[in-house]
Amino acid sequence: MKLTSAIISLPSVGPAYTRRLEKLEIFTIEDLLLHVPFRYLDFRNTKKISSLIPDELATVGGEIISIKNIYTKWGRKLQLAKVQDRTGTIDVVWFNQPFLVKNLPEGTMVLLAGKIGWFSRKKTLISPEYEIAKTAPGVHTGRLIPIYHETAGVSSKWLRTKIALAYPLIKQGFEEFLPQKLLNSFGFLSLAQSIEAVHFPKSLEDAQKGKLRLSFNELLFLQLSSLYRKEEWLKNEAAYKLIVDQKEVEAFASSLPFTLTSSQTKATEEILQDLTNDFPMNRILEGDVGSGKTVVAALASFVSFSNGYQSVFMAPTQILAQQHYETLSKLFSPYKVRVTLVTSEGIKKDIGKTDVFVGTHALIHRKVDFDKVALVVIDEQHRFGVEQRAHLIRKVGSRKISPHVLTMTATPIPRTVALTVYGDLDLSALRELPIGRKKITTWIVPLKKREAAYGWMEEKILKDKVQAFVICPLIEESQVETFVQVKAATKEFDNLQKLMPKVKLGLIHGKMSLKDKNLAIENFTRNFTQVLVATPVVEVGIDIPNAAVMVIEGAERFGLAQLHQLRGRVGRSFQKSYCLIFAQNTGRNVATRLNALTRPLSGFELAELDLKLRGPGEVFGVKQSGFLNLKIASWQDSKLIKKAKEVALAISQNPNDYPELTKMLKDKGIAPN
Ligand code: ADP
Ligand code: MG
């Protein structure tokens, strides 16, 4: 057995366990040993039975002198046992584990660890951890007991048992890859010591020290991967080095129906500067919903056009692609720029050669007559996989020749994440909204005021002639819309129809044809329908200025930044706008979190807050497999993230000073060969 051996090589791990462990991303023995506990139970307090005190956590050892299953009136099964040592006897109770009667028959010497409580008015050990006593120190008792992230059929107890079996490999298998000097200067334990310390800690401090070192490793590898990605990217040649004609750009900017905000101007300058380089741009443009990213991208695409090249806009949904198509066609119309729309439904094309392609991921799969593409713009980039992005870039470029790439996101990227995962991208940010946007009054509506809220909304619609969005709850963490989601939206639609018979409602979800979707949007835009019921997947980026009320159902399932983005769909006209937030679960934590939305916080601040409260998966709304999920370290630990960044830079500059590490990174595929 080696660290790299598949997990199935452990005793009594078969295909069933292998599948379950995949859910925890455990494939090899090494992965198992790097599955770090998130807390510990202190069972170090080893006691004689006669000296047990109620309410304390303790470990005792003794002999099972009786054990039996008992059936309660309510059909539950209890396991009652008596355990004896030289000083006395104690009752033990477990719930619903009938197999214990077989596993721990009378006469077994056991170790039990748990809380002393009361049962049937007698001092009793309640549901203790148990193991058959051997001479070696206990795995589940008598020490700090690690608690791991579990999955169905894989308990912490099971994990502890298997990790104990792999224990000999810790010292033989994990070779140190950082120089001793560096370990000393940070006060880090060695790799092997750290792994031993998290699974078999002598003290909580010991466990923490181990975890710190393993967190550092995780962050260091992330940093290094983004540094290597950057190095690789810079080896590319820009497909086309553009010339920026300042006068022409200014003329285009002044043809717009508004003046650019100062951050739009700054971002545009940064981007246009990149386009003149002979290596390709790789930049992310981050800006709150409605901050006006599209027009910035349009300016870049205009420069590409005036140099005689094409550009490509990829958006995550058909509706969004359609809207970009219309916006760009309008913006470009004085310049005779030919815009083509590419979706899975078909290709809509001007006569002659295309200058700007707009589309969904159909741009990747369809046969599209890309000719000289200088610029690729990817909107709401986190909705696409890394693969899709790479695919499109490869399709329009060639080996080692790449278009300039601009990705855009409305999701504010927390600083620590930007440093780490996006370390390879240059960042431009739109930190202000165009002037004239009004604050959106936001209410968290308690359950008992729900009906009243619908009444208020109906009146608002009928009297003030405003329109409203109703966003259905996010049902599954999935990038594609599922039928469950569609069913929920349809149900919501029927429900509202009954509640507001005088109001015309529209429905839009991802399983509708593009034609029906467009019809729903058009009916809403023209105020033929006053309420648009939509699934969360469809919503991104739709721009309907006349809507003034946003209702979000099942809000507790969304991240704060995502709710903020949804809310940004309203408040785009002279009308006073409102956001009504409904939550099914109104526990205290949910309320605290949602209440943040009633404060004047920016999307950026809300994202930082959510990162603290719920972790990164939620911040980005849609969970991508493993994307942004730290296994050991925390995004909150900005100090350690900075340290890792410094060390990563030093390593990438002087790889020869780190021979063991360099070899390991290559073996693991983190560093290019
Ligand atoms: P997002 O950043 O969410 O993609 P959009 O690009 O869709 O935002 O812009 C939102 C709206 O704001 C659009 O209707 C756009 O025309 C408008 N807009 C963009 N820039 C400005 C500006 N500087 N002044 C006023 N309105 C603007
Ligand atoms: Mg947008």
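General observations
- Search result, residues across the range 55-93 that are open to solvent by less than 50 Å² (accessible area, probe 1.4 Å) and assigned to a loop (DSSP other than H, G, I, E, B): GLU56, THR72
- Residues (of a type in the set (Gly, Ala, Ser) and within 16 Å of ligand 2 (Cβ to nearest atom)) located in the range 392-415: ALA410
- Residues of the range 499-523 classified as within 24 Å of GLY346 (Cα to Cα), assigned to a helix (DSSP H, G or I), away from ligand 1 (no atom under 16 Å from the Cβ) and not basic (Lys, Arg), total: 7
- Restricting the range 203-217 to residues that are surrounded by fewer than 18 Cβ atoms within 10 Å (Cβ to Cβ) and touching a residue at least 12 places away in the same chain (Cβ under 8 Å), the residue that is farthest from GLY423 (Cα to Cα): SER203
- Here GLU250 passes the criteria (1) open to solvent by less than 100 Å² (accessible area, probe 1.4 Å); (2) more than 16 Å from ligand 2 (Cβ to nearest atom) except the one numbered (1).
- So GLY117, is it closer than 17 Å to LYS157 by Cα and under 42 Å from the mean Cα position of the chain (by Cα): no
Here's the yes/no breakdown for (1) modelled with pLDDT under 90; (2) away from ligand 2 (no atom under 16 Å from the Cβ):
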site: ILE552; (1), (2): no, yes
site: ARG557; (1), (2): yes, yes
site: ALA561; (1), (2): yes, no
site: HIS564; (1), (2): yes, no
site: ARG569; (1), (2): yes, no
site: GLY587; (1), (2): yes, yes
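Residue-wise test of (1) without any contact (Cβ under 8 Å) to a residue 12 or more places away in the chain; (2) open to solvent by 10 Å² or more (accessible area, probe 1.4 Å).
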position: LEU125; (1), (2): no, no
position: GLU129; (1), (2): no, yes
position: GLY138; (1), (2): no, yes
position: THR141; (1), (2): no, no
position: PRO168; (1), (2): yes, yes
position: GLY173; (1), (2): no, yes
position: GLU176; (1), (2): no, yes
position: LYS181; (1), (2): yes, yes
position: VAL198; (1), (2): no, no
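- Subset of the range 566-610 [of a type in the set (D, E, K, R), open to solvent by 30 Å² or more (accessible area, probe 1.4 Å) and within 16 Å of ligand 1 (Cβ to nearest atom)]: ARG572
- The residue that is modelled with the highest pLDDT, counting only those in the range 115-149 that are more than 27 Å from LEU10 (Cβ to Cβ) and in a loop (DSSP other than H, G, I, E, B), is ARG121.
- Within the range 281-339, tally of residues that are at positive phi, more than 10 Å from ligand 1 (Cβ to nearest atom) and either among the small types (Gly, Ala, Ser) or not assigned by TED's automatic domain parsing to the domain that holds ARG366 (or both): 1
- Filtering VAL484, VAL421 for residues that are loosely packed, with under 14 Cβ neighbours inside 10 Å, within 24 Å of the chain's Cα centre (by Cα) and away from ligand 2 (no atom under 16 Å from the Cβ) leaves a single hit, VAL484.
- Identity of the residue in the range 299-318, of a type outside the set (Ser, Thr, Tyr) and either within 11 Å of ligand 2 (Cβ to nearest atom) or open to solvent by 10 Å² or more (accessible area, probe 1.4 Å) (or both), that ends up modelled with the lowest pLDDT: GLN318
- Test result for ILE471, buried (at least 16 other Cβ atoms within 10 Å of the Cβ) and assigned by TED's automatic domain parsing to the domain that holds ARG283: no
- Screening THR261 against (1) under 29 Å from LYS348 (Cα atoms); (2) within 9 Å of ligand 1 (Cβ to nearest atom); (3) open to solvent by 10 Å² or more (accessible area, probe 1.4 Å) leaves a single unmet condition, (1).
- Residue match in the range 539-554 (condition: open to solvent by less than 10 Å² (accessible area, probe 1.4 Å) and among the charged types (D, E, K, R)): yes
- Some residue of the range 426-443 being of a type in the set (A, V, I, L, M), part of a loop (DSSP other than H, G, I, E, B) and at pLDDT below 90: yes
- Scanning the range 542-567 for residues that are touching a Lys or Arg at 6+ places or on another chain (Cβ under 9 Å) and more than 10 Å from ILE471 (Cα to Cα) yields ILE542, ASP543, ILE544, PRO545, ASN546, ALA547, ALA548, VAL549, GLU556, GLY559, LEU560.
- Selection count, the range 284-298, where residues are under 25 Å from LYS230 (Cβ atoms) and either within 9 Å of ligand 2 (Cβ to nearest atom) or part of a helix (DSSP H, G or I) (or both): 4
- Selection from the range 440-475 of residues that are among the small types (Gly, Ala, Ser) and touching a residue at least 12 places away in the same chain (Cβ under 8 Å): ALA453, ALA468
- Single condition VAL36 does not satisfy, out of (1) aliphatic (A, V, I, L, M); (2) open to solvent by 40 Å² or more (accessible area, probe 1.4 Å); (3) part of a loop (DSSP other than H, G, I, E, B): (2)
- The range 257-282: number of residues that are within 16 Å of ligand 2 (Cβ to nearest atom) and not small (Gly, Ala, Ser): 6
- Once the range 430-444 is narrowed to residues that are more than 27 Å from the chain's Cα centre (by Cα) and of a type in the set (Val, Ile, Thr), the residue that is surrounded by the most Cβ atoms within 10 Å (Cβ to Cβ) is THR441.
The values are calculated or read from the model by the stated rules, or taken from the named source; none is laboratory data. Since the model is a prediction, treat every value here as computed from it, not as a measurement. Quick reminder, even Gly has a Cβ in these numbers, built from the backbone with ideal geometry, and neighbours come from all protein chains shown. Please note that ligands, DNA and RNA were not included when accessible areas were found on the heavy atoms of the full protein model with its side chains. Shrake-Rupley method; radii C 1.70, N 1.55, O 1.52, S 1.80 Å.
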